[in-house]
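Okay, so here's the structure we're looking at.
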Amino acid sequence: MSEVLLEVKNLKKYFTSKTGFFGQPLEHVKAVDDVSFNIYKGETLGLVGESGCGKTTIGRMLVNLLHPTSGDIFFEGTHISELKKNDHKKFCRSIQIIFQDPYASLNPRMTIGDIIAEPIKINKLAKGEELEKMVLQLLDYVGLASYHRNRYPHEFSGGQRQRVGIARALAVHPELIVCDEPVSALDVSIQSQVLNLLKDLQDEFHLTYLFIAHGLNVIKHISDRVGVMYLGKLMEVADSDKLYADPKHPYTQALLSAIPIPDPMKKKERILLSGDVPSPINPPSGCRFHTRCIKCMEICKRQEPQLKEVEENHKVACHLY
Amino acid sequence: MENNPEINNLHLPDEIEVELEQAESRFKSMWYVLKANKAAMVGLVIITLLLFIAFFGKLLMPYNPYVGDLSKSLQAPSAAHLLGMDEQGRDILSRIIDGTKVSLRVGIIAVAFALSIGTFFGSIAAYYSGKVDMIIMRFMDILLAIPSLLLAIAFMTALGRGIDKAIIAIGFVTIPEYARIVRASILSVKESEFVQAAKVIGNRDSVIIFKHILPNVLSPIIVRATLGISSAILDTAALGFLGLGVQPPYAEWGSMLGSGRGYFFNAPYIVLFPGIAITITVLAFNLLGDGLRDALDPKLRK
């Protein structure tokens, strides 16, 4: 496999949910609890999981919107806390994000042209006529016309707005783009357009994606490797084909069995999960999934399984293996 | 990606020219929206008229506002004295005209003072939250806990008398109101994704606050500020009444109300006309404020 672009080690993020009289934290929501993974140059790592499992929190930490409670992030081999001030700015530029809700992610008071030009201006990449050219180029890349640039966000459809969001992320020549459920707010017909655009851009600019989603078919379509999260933990990481063909973790198996098959004659055995996701304030002991797992064993209630490689490029955190 | 030769060779100059024209037309389109709003235009005309009166009032006054004729004291409105005479036999119309300058100055400067400082502290408190928020807002709460007029009097005794000091005192005691409104509005949009996006691309905090957050929370602030002009004028009157601020015999709408209120039952025009002057001024600012708010919102602009 190619070179590691980003390495995440034992990343944790706890949010304080209850404070005492003097502001001392009493209770934590363990949004992300000890997660490690690598992202390789040029690949797309998909991250799936139910709502509230911490996937968005990971994305926000990578772009510096949230600070990890503990853990290390290495970008191209350098620990991000050891970066000098100038390098830090460059690092921030290198990781950009595309947000989930295209209706909320664009400033309603700014024109599309200003929104796309802003990151270029801030990072002093171009000015004057060159800046104009870059904005027009970017609009062209994401499939918008040059006359769109003097319009305001409310004049666009969801898909078009998401294209603007993509252009804004592209404007500073990032290496890694965190796509935080970029298509889940869009119509199905528009979803594929935006996904194909993301794929084309990846080929053209050699981008690396961390693609966060809860739709398994979306992830399958775009990812090279997939990570499955549950309650702040990474349960299984594998190559996309492998994971879909041969899921190891009972949770992944249950998730995959829930994908509808577009053939009414075909019968498929479905694994139905009972119960709700436990509270991340007080996660179950041992394996976090044991309360809902159909293959739960005695050891699962006591000991937390570690993420280990069971096959080549296939890691699972489960006592079954 | 800027090295893509194909796109660099695009025929650009014409397009850029078009774009520049369009940018200029953004202000024009704002003006068109404002012009189409009849209420706002009425407000603008009244404010222009008031400013004209404030600057050229001396030429318009039918009588000297400070020379009274006690024999004509409390005379009802007549052809000679359109708005009647006050308790000292001075022409009310002339006094209202003379008072325009002071009242406008009090209203506008006090509000501008309170608005700018209140916005500054309110946005810092909301944006940085935590301890900064705690310290700033508790201090604002202390200011709010003391009746504002009492606080203004305390300031006046410390600063000394005079209209300029009254303006500062009134501006100062209304800071917490603006700080609270700005803080609350900012909290409502601070977590929006477009603000997060502005952070990710590397904006400085001050740019995020002034360019991305504040323009999106203008409505409540504009409404509060236009209403604030009237309370500033009335507060000045209260200070004047207590012997601070504007001193008699100087004509100021608020103090005219104050000194005339004893004659309310037998000569209502003494308080009626200065009151109407204040109402019209406030109304004009309010209408213009509403119109500005709409004109600044791209969603309502064509």
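Taken together, the values in this text are just the output of simple stated rules run on the coordinates, not laboratory data. Please read these numbers as outputs of a predicted model, since none were measured by experiment. Cβ sites come from the backbone with ideal geometry, for glycine too, and all protein chains shown count toward neighbours.
Hey, what number do you get for chain B at 222 nm if only DSSP H runs of n ≥ 4 count, each worth -39500 (n - 2.57), divided across all residues, to the nearest 500?
Helices in chain B give a 222 nm mean residue ellipticity of -24000 deg cm²/dmol.
Set the bar at 28 Å for Cα to Cα. Now go through B:58/B:165; A:121/A:233; A:124/B:131; A:13/A:124; A:9/A:242 and name every pair that lies beyond it.
Pairs exceeding 28 Å: A:121/A:233; A:124/B:131; A:13/A:124.
Suppose each label sits 7 Å from its Cα in the direction of the beta carbon; what would the residue B:116-residue B:300 distance come out to in nanometres?
Label-label distance for residue B:116 and residue B:300, simple model: 2.7 nm.
Under unit Cβ charges (Lys, Arg +1; Asp, Glu -1), what dipole magnitude, rounded to 20 debye, does chain A have relative to its Cα centre?
Approximately 760 debye in magnitude.
Charges on Cβ only, +1 for Lys and Arg, -1 for Asp and Glu, centred on the Cα centroid of the protein assembly as shown; of A:22, A:280, B:249, which one is farthest towards the dipole's positive end?
Final value for the positive-end residue is B:249.
Sticking with the crude label model, points 7 Å out along Cα→Cβ, report the distance from residue A:301 to residue B:38 in nm, one decimal please.
7.8
Rounded if a/c is under 1.5, else prolate if a/b beats b/c, else oblate: with a ≥ b ≥ c from the C-alpha gyration tensor eigenvalues square-rooted, which is segment A:260-316?
In terms of gyration-tensor shape, oblate.
Relative to the longest principal axis of the C-alpha atoms of chain B, give the angle of the C-alpha long axis of helix B:148-159, reported between 0 and 90° and rounded to the nearest 10°.
So the inclination is approximately 80 degrees.
Connecting C-alpha atoms closer than 10 Å in a GNM of chain A, tell me which of A:220, A:13, A:248 has the biggest fluctuation.
Looking only at A:220, A:13, A:248, the biggest GNM fluctuation is shown by A:220.
Measuring from a point 7 Å past the Cα of residue B:26 along Cα-to-C-beta, which residues in segment B:182-219 have an amide N at less than 16 Å?
Those under the cut-off are B:208, B:210-216.
Assign unit charges at the C-beta atoms only (+1 for Lys and Arg, -1 for Asp and Glu), then state the dipole size of segment B:120-212 relative to its Cα centre in Debye, rounded to the nearest 20.
Using Cβ point charges on Lys, Arg, Asp and Glu, segment B:120-212 gives about 140 debye.
Just round it to a whole percent: the fraction of Cα-Cα distances in chain B exceeding 36 Å.
In whole percent, the share of Cα-Cα pairs in chain B beyond 36 Å is 34.
Considering the Cα positions of the protein assembly as shown, please state its Rg to one decimal place and its Dmax as a whole number of Å.
32.7, 110
Over 10 Å intervals from 0, what percent of Cα-Cα pairs in segment B:163-293 sits in each interval?
11, 29, 27, 17, 10, 5, 1
In vacuo Debye scattering of segment A:85-213, one point per C-alpha: log10 I(q)/I(0) at q = 0.10, 0.21, 0.22 Å⁻¹?
Taken in order of the listed q values, log10 I(q)/I(0) reads -0.28, -1.33, -1.45.
At a threshold of 8 angstrom on Cα-Cα distance, excluding pairs fewer than six apart, so keeping six or more, what relative contact order does chain B reach in percent?
Taking the mean separation of contacting Cα pairs over the length of chain B, I get 25 percent.
Quick check on my link table: of B:190/B:299; A:127/B:35; A:41/A:315, which ones sit more than 31 Å apart, alpha carbon to alpha carbon?
A:127/B:35
Nothing charged except the Cβ atoms of Lys and Arg (+1) and of Asp and Glu (-1): what's the magnitude of the dipole of segment A:77-145 about its Cα centre? Round to the nearest 20 debye.
Value, rounded to 20: 360 debye.
With r defined as the distance between the Cβ atoms of residue A:276 and residue B:227 and R0 fixed at 51 Å, what FRET efficiency is calculated, to the nearest 0.05?
That pair, residue A:276 with residue B:227, gives E of 0.55.
Quickly estimate the mean residue ellipticity at 222 nm for chain A, helices only: each DSSP H run with n ≥ 4 gives -39500 (n - 2.57), and the total goes over all residues, rounded to 500.
Using -39500 (n - 2.57) per qualifying helix, the result is -9000 deg cm²/dmol.
Which Cys in chain A stand alone, with every other cysteine's Cβ at 4.7 Å or more from theirs?
A:53, A:92, A:179, A:318
Mind checking the full-extension length gain between residue B:45 and residue B:128? Use 0.36 nm per residue of separation minus the Cα-Cα distance, one decimal, nm.
25.8 nm
For the protein assembly as shown, build the charge dipole from Cβ charges (+1 Lys, Arg; -1 Asp, Glu) around the Cα centre, then report which of B:116, A:135, B:94 sits farthest towards its positive end.
Result: B:94.
With 10 angstrom as the radius, rank B:92, B:135 by how many other C-beta atoms surround their C-beta, starting from the fewest.
Listing B:92, B:135 from fewest to most nearby Cβ atoms yields B:135, B:92.
How would B:300, A:131 line up from fewest to most surrounding beta-carbon atoms within 10 angstrom?
Ascending number of Cβ neighbours within 10 Å: B:300, A:131.
Once you place label points 7 Å from the Cα toward the Cβ at residue A:70 and residue A:192, how far apart are they in nm?
4.8
Efficiency by 1/(1 + (r/R0)^6): what FRET value for residue B:188 and residue A:313, r their Cβ-Cβ distance, R0 = 51 Å, to the nearest 0.05?
Efficiency computed from Cβ-Cβ geometry: 0.65.
With 10 angstrom as the radius, rank B:222, A:97 by how many other C-beta atoms surround their C-beta, starting from the fewest.
B:222, A:97
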